[in-house]
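Heads up, the thing below is written out as structure tokens.
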Amino acid sequence: MQIAALIAAAFSDLDVTHWLVPDAADGNTRAPLRQRLLAGQFAILVDAATRCGHVDVAVDESGGWVGAAVWADRTGAPFAPVAYETRLKQLTGTHLPRFQALDRAFEDHHPTDVAHLHLMFLATVHGRQGSPARIGTTLLAHGLARADQNHLAVYLEAASERLRNWYQRYDFAPRDPIRLPHEGPSLFPMLRPPQ
């Protein structure tokens, strides 16, 4: 799936992705494996979001995809990707425990007391991040307008302090950080109240 591959490539340098699929002890990179596993997991989640949420894509002047925002609707039925555990196990093999630990941490911190849209992924292709086109900003504004139209809160997990600070400019309030096990990085849940 093209969207999942775009997100996996955009997220390739994040600390959390290196924690999920660490490089080998001898220093050999596992970048191709990391990309394949991330794209596989993201494809499962994007598929579920197309059934219970929405996916926005940004295109450039030539029609190429340059960004994506994946939103899960958390206002009703639980967000449940089809056969997720089985598919994740088949995909990740020996890396499964860390993927499961990340999923548990996300679920443990996910708000249950407010109907909301969950911004699962906001990604811009490398080389276009921070560009004057403001791809990520435009995708975020589009999704926030949808949430505001429906008087819904928005939740996300920022993958770094830099991203947490960026989202704060859009009325997202930080919540308690997620600290991943095995000396993993911290992630930063945030909630934007209905506007």
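The values are calculated or read from the model by the stated rules, or taken from the named source; none is laboratory data. For clarity, every value in this text was computed on a predicted model and none was experimentally measured. Note that we place each Cβ from the backbone using ideal geometry, even for glycine, and neighbour counts take in every protein chain shown. Please note that ligands, DNA and RNA were not included when accessible areas were found on the heavy atoms of the full protein model with its side chains. Shrake-Rupley method; radii C 1.70, N 1.55, O 1.52, S 1.80 Å.
Observations on the structure shown:
- Among the residues of the range 21-39, those that are more than 13 Å from the chain's Cα centre (by Cα) and open to solvent by less than 20 Å² (accessible area, probe 1.4 Å) comprise Val21, Arg34, Leu37.
- Unique match (being touching a Leu at 6+ places or on another chain (Cβ under 7 Å), touching a residue at least 24 places away in the same chain (Cβ under 8 Å), closer than 18 Å to Val16 by Cα and not hydroxyl-bearing (Ser, Thr, Tyr)) among His95, His116: His95
- Filtered residues of the range 30-81 (kept if assigned to a strand (DSSP E or B) and among the acidic types (Asp, Glu)): Asp56, Asp73
- Any hit, the range 125-138, residues being at pLDDT 95 or above and open to solvent by less than 20 Å² (accessible area, probe 1.4 Å): no
- Output for the range 135-169, where each listed residue is assigned to a helix (DSSP H, G or I) and either under 23 Å from Asp103 (Cβ atoms) or touching a helix residue (DSSP H, G or I) at 6+ places or on another chain (Cβ under 6 Å) (or both): Gly143, Glu161, Leu163, Arg164, Tyr167
- Every test in (1) touching a residue at least 40 places away in the same chain (Cβ under 8 Å); (2) exposed (fewer than 15 other Cβ atoms within 10 Å of the Cβ); (3) out of contact with any Ser or Thr (no Cβ under 6 Å at 6 or more places or on another chain) is passed by Ala141 save one, and that test is (1).
- Selection count where residues are open to solvent by 10 Å² or more (accessible area, probe 1.4 Å) and either among the acidic types (Asp, Glu) or under 13 Å from the mean Cα position of the chain (by Cα) (or both), scope the range 45-54: 2
- Scanning the range 168-183 for residues that are open to solvent by less than 20 Å² (accessible area, probe 1.4 Å) and touching a residue at least 24 places away in the same chain (Cβ under 8 Å) gives Ile178, Leu180.
- Residue within the range 98-107 that is outside any loop (DSSP other than H, G, I, E, B), open to solvent by 60 Å² or more (accessible area, probe 1.4 Å), in contact with a Leu (Cβ under 8 Å, 6 or more places away or on another chain) and of a type outside the set (Val, Ile, Thr) present: yes
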